[in-house]
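Notes follow the structure.
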Amino acid sequence: MAEAPQDRATAAASAPLLTQEETLTADTFIRGLWQENPVFVMLLGMCPVLAVTNSTINALGMGLSTTFVLVFSGILISLLRHWIPKQVRIASYIVIIATFVTLVDYAIQAISLELYAALGAFIQLIVVNCIILGRAEAYASKQRVLTTIVNSLGTGIGFTLALLALGTVREILGNGTILGISLFGPDFQPWLIMILPPGGFFVLGAWLLYFNWLRLNRLRRVTTFTGAPADAR
Amino acid sequence: MHVELQTQPTATPVWPMLRTLGVIATLSGLLVVLADQITQPMIAEKQRLLTEQLVFQVIPGAVTKRDFIITADGRLEATASGASGEPIYAAYTAAGQLQAVAIVGSGGGYAGPVQVMFAYDPSCQCIVGSQVLKSNETPGFGDKLDTDPAFRENFRALEARVDTAGTALANPIVTVKHGTKTAPWQIDAITGATISSRAMGKAANQAAQRAAPVIQRDLAKLTQPN
Ligand SMILES: Cc1cc2nc3c(=O)[nH]c(=O)nc-3n(C[C@H](O)[C@H](O)[C@H](O)COP(=O)(O)O)c2cc1C
């Protein structure tokens, strides 16, 4: 499991599209949603994925905050890409990312103190979310601003959808509600475990199982049609 | 080591590195200060509304409130005076009469401190309501502090009488095991959530020990009109 992102990273480094400027296509956006979904495929950012997905609203707040930071830090890094010396690039990216995280932190406090209390330290911890530094290093620092915006949006929305997939299931099973609205009436005995930390692992595991099953199924179908193994992606 | 030294000369000169980091840090500083300037008043307003809403929630029926501070040396000051210390909130009925005072305390629970707001009624010298402000208690355990009907009964008139010296509670508030409550200053714990219930007791005791003597001594400051 720990191998997968690394394999992908080396594969990506040798792929031509990342060493030269990518032309904007639908794939620039879709990749982050599906083939390179940060959570279900790359298994990145597991800390917020497990910690703040105990309700739909927390998942949404976390996902949108991360997307905002991804897009805006991407824009700035892409704009400055010819100008940041290689030796100080990581320090530069971290300062840029930390700046936008601070803006989000203030904005969430101004919007809702309840949400701010629920997300707790995980907003500040977006700074060290490897999805963002990963996008900065592997994409924004090499690509034009427009493609960077589209690619970051794809990745951000992919992350948000993954958080929602966990948050919604956990809230429905563990609390019997969705967005705080009761679904099953007062007689429903919620599965408390689902909103506790172990529930995060259960639901993540179930989703990974499902997506891998889908992928394998597709692979098997392609193999039977063409007689040759094809790239599952 | 030797090889590394040989690759060194290709390094970028110092100036572009300093320039880049300097510009980025300055830009970052500007953005953060700007965001702070814009959001600070909004956050303060949100905080004020939230406190107001909580006070009227623990003291139902009250329509206005005034903020006071208990200073470190035990004096009662209006918040507007700029004194620093523990805030308390006096809540008044429509007729302008002091109904109760919202006081805050905290106690260690199952997973860190539990912070609770209590309604202290100076006329009966008792706690007449509570609302958890902040807690990390396990869902399904901690929620009961606000919802369990039998547990809520404890806070209809929990005794918090000041002793004859006027410096502390005559009887410290304590949580006892479920079904063993014998005195009006005891809290009957929730079965299966004794640890959270104890946190609630510690919070009530802390809040009342600190605020009740001061409120009783300076009651005139709270009851007199603005
Ligand atoms: C995973 C887990 C979480 C728990 N969380 C709490 C809690 O938040 N508050 C609490 O009072 N007890 C909690 N408990 C139960 C306490 O360990 C303890 O059993 C209980 O408070 C004792 O109550 P009793 O003396 O009425 O049986 C938890 C237990 C487990 C296994």
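Brief remarks on what is shown
- Residue match in the stretch A:188-197 (condition: surrounded by fewer than 18 Cβ atoms within 10 Å (Cβ to Cβ), closer than 15 Å to residue A:49 by Cβ and within 14 Å of chain B (Cβ to nearest Cβ)): yes
- Residue B:116 being touching a residue at least 60 places away in the same chain (Cβ under 8 Å), open to solvent by less than 40 Å² (accessible area, probe 1.4 Å) and assigned to a strand (DSSP E or B): yes
- Listed by position, the helices (runs of 4 or more DSSP H) contained in the stretch A:93-201 that have at least 3 residues being more than 24 Å from residue B:22 (Cα to Cα) and among the small types (Gly, Ala, Ser) are A:145-175.
- Residue B:221 falls short on exactly one of the conditions (1) modelled with pLDDT under 95; (2) over 23 Å from residue B:91 (Cβ atoms), and that condition is (2).
- All positions within the stretch B:167-226 that are of a type in the set (Ser, Thr, Tyr), over 18 Å from residue B:137 (Cβ atoms) and either open to solvent by less than 10 Å² (accessible area, probe 1.4 Å) or more than 16 Å from the ligand (Cβ to nearest atom) (or both): B:167, B:182, B:223
- One residue alone among B:146, B:163 is of a type outside the set (A, V, I, L, M, F, W, C) and away from the ligand (no atom under 16 Å from the Cβ), and that residue is B:163.
- When the test is whether a residue is facing chain B (nearest Cβ under 9 Å) and part of a helix (DSSP H, G or I), residue A:67 does not pass it.
The values are calculated or read from the model by the stated rules, or taken from the named source; none is laboratory data. The shown structure was predicted, so the numbers you read here are calculated from the model rather than taken from an experiment. Reconstructed Cβ throughout: ideal geometry from the backbone, glycine too, with neighbour counts over all protein chains shown. Accessible surface areas use protein heavy atoms only, side chains included; no ligands, DNA or RNA. Shrake-Rupley method; radii C 1.70, N 1.55, O 1.52, S 1.80 Å.
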